[in-house]
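Only one structure is covered here, and it is reproduced in the block below.
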Amino acid sequence: GENVEQHPSTLSVQEGDSAVIKCTYSDSASNYFPWYKQELGKGPQLIIDIRSNVGEKKDQRIAVTLNKTAKHFSLHITETQPEDSAVYFCAASKGDSGYSTLTFGKGTMLLVSP
Amino acid sequence: DVKVTQSSRYLVKRTGEKVFLECVQDMDHENMFWYRQDPGLGLRLIYFSYDVKMKEKGDIPEGYSVSREKKERFSLILESASTNQTSMYLCASRELAGGISSYNEQFFGPGTRLTVL
């Protein structure tokens, strides 16, 4: 089955800096890569996703890049703010049916210091 | 907004007890999921259901069962709770649109933190 590795496990940055979280996947058939953000005491929430026919996607201060050849994808957060502090999960799936499931990475705890 | 609710935020049970975790979604989603979340291990899929009365094993189904008698409700059952089932349990739902739901967002509940003594 699919295996998703995520690094780093913790990341501390100063407010205004950029943050990058990297994930690799093992199944070359995977074609859908979402990122979820989990704030303290809440369930994860989708923040951005990318499909394998696209190399990069942006939404304001966040962006995701995908390298299918190397089987890795990354989350980029620019101009970080204290409210970006949370646990971030990457995931991968084969989006080919109504029965596919997500395989999640182990998560990255991002701490943004004022 | 989609709302996924879980019956308890915190639950404490004894070893050997039968435990029911309930999840309800209000958006008529076909797919529902149960995950457990442990530090350093991320989210691991226990079971999922793609429709009423349908269920599929996830990556770690041992020691768990599920029930989906109504579309909006998905229950996780621990037949005989053990200490290694102490964890955070997350429920999620996903819309099936046009037969392809894989690209659709999963909406998560707030989680139930279960402690088995």
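The values are calculated or read from the model by the stated rules, or taken from the named source; none is laboratory data. No experiment lies behind these values; they were computed from the predicted model shown. Note that each Cβ is placed from the backbone with ideal geometry, even for glycine, and that neighbours are counted across all protein chains shown.
What about B:Ser93, is it under 18 Å from B:Thr5 (Cα atoms), within 14 Å of chain A (Cβ to nearest Cβ) and not in a loop (DSSP other than H, G, I, E, B)? Walk me through how you get there before you give the answer.
Values: under 18 Å from B:Thr5 (Cα atoms): yes; within 14 Å of chain A (Cβ to nearest Cβ): yes; not in a loop (DSSP other than H, G, I, E, B): yes.
So B:Ser93 fits the description; yes.
Out of the residues in segment A:28-44 meeting the condition of being surrounded by fewer than 19 Cβ atoms within 10 Å (Cβ to Cβ) and closer than 20 Å to A:Thr69 by Cβ, tell me which one is farthest from the other protein chains (Cβ to nearest Cβ).
A:Ser28
List, please: which pairs have Cβ atoms under 6 Å, are six or more places apart or on different chains, and start with a residue in segment B:18-45 that is within 11 Å of chain A (Cβ to nearest Cβ) and without any contact (Cβ under 8 Å) to a residue 12 or more places away in the chain and end with one that is assigned to a strand (DSSP E or B) and buried (at least 20 other Cβ atoms within 10 Å of the Cβ)?
Hits for this filter: B:Gly42/A:Phe104.
Just the residues that are more than 24 Å from B:Glu17 (Cβ to Cβ) and within 14 Å of another protein chain (Cβ to nearest Cβ), please, taken from segment B:53-85. Spell out how you get there, then give the answer.
First, pick out the residues of segment B:53-85 that are more than 24 Å from B:Glu17 (Cβ to Cβ): B:53-54, B:56, B:59, B:70-72.
Those that are more than 24 Å from B:Glu17 (Cβ to Cβ) and within 14 Å of another protein chain (Cβ to nearest Cβ): B:Met54, B:Glu56, B:Asp59.
Residues in segment A:67-89: is at least one more than 10 Å from every other protein chain (Cβ to nearest Cβ), more than 15 Å from the chain's Cα centre (by Cα) and closer than 24 Å to B:Arg36 by Cβ?
No, that holds for no residue.
Search segment B:36-60 for residues being closer than 19 Å to B:Leu96 by Cβ and crowded, with 20+ Cβ neighbours inside 10 Å, and hand back the single one that is farthest from the chain's Cα centre (by Cα). Don't jump to the end; show me each part of the working.
So the first thing to find is which residues in segment B:36-60 are closer than 19 Å to B:Leu96 by Cβ, and the list is B:45, B:47-56, B:58.
Pick out the ones that are also crowded, with 20+ Cβ neighbours inside 10 Å and you get B:45, B:47-50.
On the way: B:Leu45: 8, B:Tyr47: 7, B:Phe48: 8, B:Ser49: 10, B:Tyr50: 13 Å.
Filtering first and then ranking leaves B:Tyr50.
Let me confirm something: among B:Thr15, B:Thr5, which residue is modelled with pLDDT of 95 or more, hydroxyl-bearing (Ser, Thr, Tyr) and part of a strand (DSSP E or B)? Quick ask: steps written out before the conclusion?
Numbers: B:Thr15 fails: part of a strand (DSSP E or B).
Among B:Thr15, B:Thr5, only B:Thr5 is modelled with pLDDT of 95 or more, hydroxyl-bearing (Ser, Thr, Tyr) and part of a strand (DSSP E or B).
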